[in-house]
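Let me begin by presenting the structure, written as structure tokens, before commenting on it.
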Amino acid sequence: MEKLSIVILTKNEEENIARAIKSVKDIANEIIVLDSGSEDRTVEIAESLGAKVFFHPFESYPKQVNNAISLTSNIWIFVLDADEELSDELKTSIKNELKNPRYDCYFVNRRTFFLGKFLNHTLYPEWRLRLFKKGKVKYEGEIHEVVKCFGKIGKLHGDLYHYSFKDFQDFVEKNLRYSRLSAQILYKKGKKSRALDLTFRPVWTFFKFFLLKKGFLDGWRGFTISLSYAFFNLAKYTFLKELSQNKELK
């Protein structure tokens with residue numbers, strides 16, 4: 001099996017970091033944690049579990065990942081978020097594939113845990129490019145990363161478990177922040193909020209998650225996420241409208 005480096009970005013992840021590291025210890029030859037200024041026990045826990053911890057001030061997620069990748073010493077790299085965990089099936093798939101790699105980059109399927117249960121439809125499948133050969137990928141983007149692979153791409157079996165939200169309040173607060181940040185980015189690019197953005201986009205978002213992705217099969221959780229994402233889309237373009245109006249009033 002080819003040697004594998006795991007890359008994890010952290011800031012105040014003491015509730016998650018042990019689970020993430022323990023899920024990869026049996027397949028990793030090296031675990032790199034790049035911290036951006038934790039004020040809790042994140043660094044202490046990571047070091048106690050054998051991770052190599054480095055510090056770099058946070059600029060953006062893509063830049064931070066690229067910085068972390070530069071710290072690795074192995075050819076193969078897996079990027080793992082601190083609130084994620086590899087399933088046994090995914091670990092087996094990685095080990096088998098790295099015995100004789102057929103591709104340069106690999107997608108894994110992420111399954112989100114939401115209010116006490118893993119989702120089967122609303123946010124699933126969610127394919128993310130996470131395993132790759134060093135020098136074959138580049139992370140770009142501002143809020144949500146865009147991962148470009150310069151080579152052949154394959155897929156791995158097994159789920160990457162995602163424990164993204166502590167509770168519903170955390171879910172709402174995180175996504176509202178993303179909505180505001182997204183609006184600020186659109187504003188800097190000269191975009192404006194139109195009537196269609198404030199009406200059609202939220203409706204389409206609900207339709208996409210609840211019906212096209214069969215969120216209704218996830219019951220009330222699917223309905224809650226679909227309706228919430230429709231609202232977050234509305235919030236993004238409302239924030240954008242607000243920014244434009246504030247500029248006009250100056």
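The values are calculated or read from the model by the stated rules, or taken from the named source; none is laboratory data. Quick caveat: nothing in here was measured; it's all calculated off a predicted structure. Heads up, the Cβs are rebuilt from the backbone with ideal geometry, glycines too, and the neighbour counts pull from every protein chain shown.
With respect to (1) within 16 Å of Leu4 (Cα to Cα); (2) assigned to a loop (DSSP other than H, G, I, E, B); (3) aliphatic (A, V, I, L, M), the lone exception for Leu123 is condition (1). Within the set Tyr103, Tyr161, the sole residue that is surrounded by 16 or more Cβ atoms within 10 Å (Cβ to Cβ), in contact with a Lys or Arg (Cβ under 8 Å, 6 or more places away or on another chain), farther than 25 Å from Ala18 by Cα and of a type outside the set (Val, Ile, Thr) turns out to be Tyr103.
For segment 79-113, filtering for residues that are within 16 Å of Asn29 (Cα to Cα) and among the polar types (S, T, N, Q) leaves 2.
Selection of segment 77-114 for residues being among the basic types (Lys, Arg) and in a loop (DSSP other than H, G, I, E, B) yields Lys99, Arg102. For segment 13-67, the tally of residues that are hydroxyl-bearing (Ser, Thr, Tyr), under 14 Å from Leu80 (Cβ atoms) and not in a helix (DSSP H, G or I) stands at 1. Checking each residue in segment 1-41 for being surrounded by 17 or more Cβ atoms within 10 Å (Cβ to Cβ), touching a residue at least 40 places away in the same chain (Cβ under 8 Å) and not aliphatic (A, V, I, L, M) picks out Ser5, Thr10, Glu13, Asn16, Ser23, Glu30. With respect to the conditions (1) buried (at least 17 other Cβ atoms within 10 Å of the Cβ); (2) more than 28 Å from Phe206 (Cβ to Cβ); (3) of a type in the set (Asp, Glu); (4) within 19 Å of the chain's Cα centre (by Cα), Glu140 lacks only one, and its number is (1). Annotation: Thr205 fulfils all but one of (1) under 24 Å from Glu15 (Cβ atoms); (2) in contact with a helix residue (DSSP H, G or I) (Cβ under 7 Å, 6 or more places away or on another chain); (3) among the β-branched types (Val, Ile, Thr); the unmet one is (1).
Based on this model, can you work out whether Glu89 counts as at pLDDT 95 or above, touching a His at 6+ places or on another chain (Cβ under 8 Å), surrounded by fewer than 18 Cβ atoms within 10 Å (Cβ to Cβ) and under 20 Å from Arg110 (Cα atoms)? Yes: the conditions hold for Glu89. Restricting the first member to segment 157-181 and to residues that are free of Cβ contacts under 8 Å to residues at least 60 places away in the same chain and not assigned by TED's automatic domain parsing to the domain that holds Leu86, and the second to residues that are loosely packed, with under 13 Cβ neighbours inside 10 Å and of a type outside the set (A, V, I, L, M, F, W, C), the beta-carbon pairs closer than 9 Å and six or more apart or on different chains are Tyr178/His144. Comparison of Val79, Val108, Val53, Val65 shows that the only residue that is crowded, with 16+ Cβ neighbours inside 10 Å, without any contact (Cβ under 8 Å) to a residue 24 or more places away in the chain and either assigned by TED's automatic domain parsing to the domain that holds Val137 or of a type in the set (A, V, I, L, M) (or both) is Val53.
Restricting to segment 127-167, name every residue that is in a loop (DSSP other than H, G, I, E, B) and farther than 17 Å from Val7 by Cβ. Glu142, Ile143, His144, Phe150, Gly151, Lys152, Tyr163, Ser164, Phe165, Lys166, Asp167 - these are the residues of segment 127-167 that are in a loop (DSSP other than H, G, I, E, B) and farther than 17 Å from Val7 by Cβ. Annotation: Val147 fulfils all but one of (1) surrounded by 19 or more Cβ atoms within 10 Å (Cβ to Cβ); (2) in contact with a Gly (Cβ under 9 Å, 6 or more places away or on another chain); the unmet one is (1).
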